Every structure is written in structure tokens, then in C-alpha cells.
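Undergrad: Quick one: the structure is below, and I'll ask about it shortly.
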Amino acid sequence: MKNPSGLRYRETGPLHRDFHRTTNGTIAYLRKRYGLGLLDEVFRRVAHDVYHSIHEDLKRGDTEQLVAHWRHFMRREKGRFAIRRRGDTIQMTVHECPAIAYLRGRGIPVDPAFCRQTIAVNEALSEATPFAITTEVLGEGRCVQTIRRRPS
Amino acid sequence: MIPSDHFVRFYNEVFKALEDKGHSHIVAYWRELGRIQSRELAARFRAGGLQACYDYWKRILKEEDCKGRLTLTEDYFEFRMDRCPSLAKVLDNDASPSPLYCDHCAGWVEPVIRSAGLHLVCDMESRSEPHCVLRVYRDQALARAYERQATLPSHPYARATAKSTKRHAAPT
């Protein structure tokens, strides 16, 4: 059930950024032991089951919860980003990913598959919806995520 | 980016995906967590004993926003978790909880404690309520005696051994 802000999950209070280190380690373990197939399957489950509410909204043609989710958590993690709308297209440009900034700030090597968490979750969120959600990685810690309505 | 706030929900999906591949896969993952944590903690616990365990979990209690109580006696260290933030978040989730979610804790703690020459008892108490008791003993007999009173002791590696034994047993 969504809270009054329209988000199913809207954490506040203390932030434990060290979980980005654990995410990085978990991604590295799954990639090395099983390859990208299992890793993407896990992210697909995250998109469809954990983010069930966002996915259901997208299926109905409603992008607002996803955009509010992006904005809330990028602000909360102090990421540098901008969200722009042009017609049916919504674009989030990430100038500095807070997760990668955290790892780099502690000298932790970023796993080569680290950005799959964004790419694969966005792809899976777009499944069975009127939208394509793409992620263009521009460099370590920078990307552009775009929601476009598919041509009908 | 999966927000750091949502890490445990991601972790829960990892556990379910590994368990779907076969129980040995989730056990191998716990072993890996234990190996990594042993590198950091086993020597500290071996040198500092129960006091070092107390000091470590005192920090964790604060850093990880747990609600719980720590006790240190001559015989054991106890961490009584009144509200586990990890399981609480997994339960506040549109995805189903991994049936083995709680076992990941003993899964990494047990190898660390064993490497330090100490003895762990982890009483999960419930898999659907976020509270548990973790005790570390110097003496194995005292640990086993406490374990006999436990409501739901966690044995993350026992099931794998039992399965493995069964798998290799001659057909009857």
C-alpha cells in the first residue's frame, strides 16, 4: 500500500550508505560465480516484486510513482541529478551517482556489473507497460535514464 | 541505483534466487560471507574474547539502528534483539520474505565465532517477527545447554549436511 506521498517505500531518518558496499560485493559474487544471467534475474525480481506498486502503475500508463521514487532517493542520498520532462518523455540525468561516489570515496573497486542494478531494474520495470525505460551509462557515476512511451 | 534503504529487500531476492537454484547455493553464499567476515573479526574475537564480541555488537546496535540489549557475563555475551531492522524491512515489502532470511545471520556469525575458538547459539525465536537472541559462550557445554532451551535455534549448515548425507546415501 502506498503512503500519502504516493510512494510504496519512502524511508526517512538515518541512512546506511555502507549498504552500497555490500551491494557491490553481492553483485561481484553473483557475477563471478553465476554470470550476468542470474544477476539480471535477481534485479528482475526486485523490479517486479519489490517494486510491484511502481510496476503496476507503469502498466496503467502512470509514471508518477517511478519519477517520485527517483527524486526521493536521489535527494536522500545526495546524488547530483536533474529530471526533465518533454512531452511524454521523462529523463533523469545523473551527474554523480551517490552509490558510486560512496565506493570511490573509500577506495573500493566498483564491480564492472555494478550499473546492472539500474539498467536491469529499469528494463524489467518497463516490461508489459506502454513505456521503454533505458539507461545510458556515460561514465563511472554518470548516466541518463529515460522513460519514453512506446510507439502505438 | 537500488537505494541503500532497499538493500535488504534486494538481499532477500538474492537469497530466494540462490535457494531456487538449490540449497547448496545459498549455503555456499553464507560460507563466503563468513569467510569475508572472519578475515576482519576472527582474530579480534580470539584475542579479546567475549569483551571484544560485546564491543563489536555495541557498535552494530547503534550503527544499524537496532533495538536491543547487550549483556556480558563471565560465561557468555548476549545480544537480545528486540527489533531487527533487517527482518522488519523484509517483512514491510511487496515481495515475499525468503523462508531462510534469518539464517544468513548465523550463517556468517557462526564461522567467525568458531574461528575465534568460541561457541555461538542463535535463537531466531520466530521467522516472522523481528526479534531474536544471539549468545556467544567460552564453554561449549554451556552453549549446548542453553541451546536446548532455545525456541528456534538456527543451524544454517546442518540442513546442507543432512541433505548432502541423504543425497549420497545408498538407495534403500
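The values are calculated or read from the model by the stated rules, or taken from the named source; none is laboratory data. What you see is a predicted model; the values in this text were computed from it and never measured. A quick note on method: Cβ atoms are made from the backbone with ideal geometry, for glycine too, and the neighbour counts reach across all protein chains shown.
Undergrad: For the stretch A:38-47, enumerate the residues that are within 14 Å of the chain's Cα centre (by Cα) and either away from chain B (no Cβ under 11 Å) or without any contact (Cβ under 8 Å) to a residue 60 or more places away in the chain (or both).
TA: Step one: of the stretch A:38-47, the residues within 14 Å of the chain's Cα centre (by Cα) are A:40, A:42-47.
Scanning the stretch A:38-47 gives A:Val42, A:Arg45.
Undergrad: Does A:Phe81 fit the bill of being within 26 Å of A:Phe19 (Cα to Cα) and without any contact (Cβ under 8 Å) to a residue 24 or more places away in the chain? I'd like the intermediate steps shown before the answer.
TA: On the way: within 26 Å of A:Phe19 (Cα to Cα): yes; without any contact (Cβ under 8 Å) to a residue 24 or more places away in the chain: yes.
Against the criterion (within 26 Å of A:Phe19 (Cα to Cα) and without any contact (Cβ under 8 Å) to a residue 24 or more places away in the chain), A:Phe81 qualifies.
Undergrad: Okay, moving on. Just wondering, is there one or more residues in the stretch B:25-35 that are part of a helix (DSSP H, G or I), of a type in the set (Phe, Trp, Tyr) and touching a strand residue (DSSP E or B) at 6+ places or on another chain (Cβ under 9 Å)? Steps first, please.
TA: Here is the first cut: in the stretch B:25-35, the ones part of a helix (DSSP H, G or I) are B:25-35.
Add one more test, that the residue is of a type in the set (Phe, Trp, Tyr), and what stays is B:29-30.
Okay, now just the ones that are also touching a strand residue (DSSP E or B) at 6+ places or on another chain (Cβ under 9 Å), so none.
Checking the stretch B:25-35: not a single residue is part of a helix (DSSP H, G or I), of a type in the set (Phe, Trp, Tyr) and touching a strand residue (DSSP E or B) at 6+ places or on another chain (Cβ under 9 Å).
Undergrad: Could you please find all residues in the stretch A:61-82 being out of contact with any Ser or Thr (no Cβ under 7 Å at 6 or more places or on another chain), buried (at least 19 other Cβ atoms within 10 Å of the Cβ) and either assigned to a strand (DSSP E or B) or of a type in the set (S, T, N, Q) (or both)?
TA: A:Thr63 - this is the single residue of the stretch A:61-82 that is out of contact with any Ser or Thr (no Cβ under 7 Å at 6 or more places or on another chain), buried (at least 19 other Cβ atoms within 10 Å of the Cβ) and either assigned to a strand (DSSP E or B) or of a type in the set (S, T, N, Q) (or both).
Undergrad: Those residues that are hydrophobic (A, V, I, L, M, F, W, C), in a helix (DSSP H, G or I) and surrounded by fewer than 20 Cβ atoms within 10 Å (Cβ to Cβ), I need them from the stretch A:1-49; list them, please. Let's see the steps before the verdict.
TA: Applying the first criterion (hydrophobic (A, V, I, L, M, F, W, C)) to the stretch A:1-49 yields A:1, A:7, A:15, A:19, A:27-28, A:30, A:36, A:38-39, A:42-43, A:46-47.
If we keep only those that are in a helix (DSSP H, G or I) as well, we get A:19, A:27-28, A:30, A:36, A:38-39, A:42-43, A:46-47.
A:Ala28, A:Leu36, A:Leu38, listed by residue number.
Undergrad: Would you point out which residue out of B:Leu61, B:Leu18 is farther than 16 Å from B:Ala106 by Cβ, modelled with pLDDT of 95 or more and in a helix (DSSP H, G or I)? Walk me through it before giving the result.
TA: Working: B:Leu61 fails: modelled with pLDDT of 95 or more.
On inspection, the qualifying residue turns out to be B:Leu18.
Undergrad: Criterion first (under 16 Å from the mean Cα position of the chain (by Cα), of a type in the set (A, V, I, L, M, F, W, C) and either over 18 Å from B:Leu120 (Cα atoms) or in a helix (DSSP H, G or I) (or both)) does B:Ala47 satisfy it?
TA: Values: under 16 Å from the mean Cα position of the chain (by Cα): no; of a type in the set (A, V, I, L, M, F, W, C): yes; either over 18 Å from B:Leu120 (Cα atoms) or in a helix (DSSP H, G or I) (or both): yes.
Judged against the criteria, B:Ala47 is not a match.
Undergrad: What single numbered condition from (1) in a strand (DSSP E or B); (2) crowded, with 20+ Cβ neighbours inside 10 Å; (3) not hydroxyl-bearing (Ser, Thr, Tyr) fails to hold for A:Arg85?
TA: Just one mismatch for A:Arg85, condition (2).
Undergrad: Give A:Gly6, A:Gly13, A:Gly35 a once-over and let me know the one that is touching a residue at least 24 places away in the same chain (Cβ under 8 Å) and either charged (D, E, K, R) or out of contact with any His (no Cβ under 6 Å at 6 or more places or on another chain) (or both).
TA: Details: A:Gly13 fails: touching a residue at least 24 places away in the same chain (Cβ under 8 Å); A:Gly35 fails: touching a residue at least 24 places away in the same chain (Cβ under 8 Å).
The conditions single out A:Gly6.
Undergrad: Do we have A:Val50 as at the interface with chain B (Cβ under 9 Å from one of its Cβ atoms), of a type in the set (A, V, I, L, M) and free of Cβ contacts under 8 Å to residues at least 12 places away in the same chain here? Lay out the reasoning, then the answer.
TA: Values: at the interface with chain B (Cβ under 9 Å from one of its Cβ atoms): yes; of a type in the set (A, V, I, L, M): yes; free of Cβ contacts under 8 Å to residues at least 12 places away in the same chain: yes.
For A:Val50, the condition - at the interface with chain B (Cβ under 9 Å from one of its Cβ atoms), of a type in the set (A, V, I, L, M) and free of Cβ contacts under 8 Å to residues at least 12 places away in the same chain - is met.
Undergrad: Spot the failing condition for B:Ser38; the list is (1) modelled with pLDDT under 95; (2) closer than 18 Å to A:Asn24 by Cα, and only one is missed.
TA: (2)
Undergrad: Which pairs turn up if I take residues in the stretch B:14-25 that are at the interface with chain A (Cβ under 8 Å from one of its Cβ atoms) and look for partners that are surrounded by fewer than 14 Cβ atoms within 10 Å (Cβ to Cβ) with beta carbon separation below 8 Å, at least 6 apart in sequence or on another chain?
TA: B:Lys16/B:Ser96
Undergrad: Can you name every residue in the stretch A:87-127 that is modelled with pLDDT of 95 or more, more than 26 Å from A:Arg33 (Cα to Cα) and more than 12 Å from every other protein chain (Cβ to nearest Cβ)?
TA: Once the filter is applied, which keeps residues that are modelled with pLDDT of 95 or more, more than 26 Å from A:Arg33 (Cα to Cα) and more than 12 Å from every other protein chain (Cβ to nearest Cβ), the stretch A:87-127 yields A:Thr89, A:Ile90, A:Gln91, A:Thr93, A:His95, A:Gly105, A:Ser126, A:Glu127.
Undergrad: Restrict the check to the stretch A:15-33 and report whether at least one residue is among the small types (Gly, Ala, Ser) and under 20 Å from A:Cys115 (Cα atoms).
TA: Restricting attention to the stretch A:15-33, the residues satisfying the condition of being among the small types (Gly, Ala, Ser) are A:25, A:28.
In the following step, the residues that additionally are under 20 Å from A:Cys115 (Cα atoms) were identified as A:25, A:28.
Yes, because at least one residue in the stretch A:15-33 is among the small types (Gly, Ala, Ser) and under 20 Å from A:Cys115 (Cα atoms).
Undergrad: Limited to the stretch B:89-104, what total is found for residues that are in contact (Cβ under 8 Å) with a residue 24 or more places away in the chain and out of contact with any helix residue (DSSP H, G or I) (no Cβ under 8 Å at 6 or more places or on another chain)?
TA: Number satisfying all stated conditions: 1.
Undergrad: Report whether or not A:Phe114 is without any contact (Cβ under 8 Å) to a residue 24 or more places away in the chain, under 15 Å from B:Met1 (Cα atoms) and in contact with a helix residue (DSSP H, G or I) (Cβ under 7 Å, 6 or more places away or on another chain). Steps first, answer last, please.
TA: Values: without any contact (Cβ under 8 Å) to a residue 24 or more places away in the chain: no; under 15 Å from B:Met1 (Cα atoms): yes; in contact with a helix residue (DSSP H, G or I) (Cβ under 7 Å, 6 or more places away or on another chain): yes.
No; evaluated as a whole, the condition is false for this residue.
Undergrad: On to the next question. What about A:Leu58, is it at the interface with another protein chain (Cβ under 9 Å from one of its Cβ atoms) and in a helix (DSSP H, G or I)?
TA: On the way: at the interface with another protein chain (Cβ under 9 Å from one of its Cβ atoms): no; in a helix (DSSP H, G or I): yes.
It is false that A:Leu58 is at the interface with another protein chain (Cβ under 9 Å from one of its Cβ atoms) and in a helix (DSSP H, G or I).
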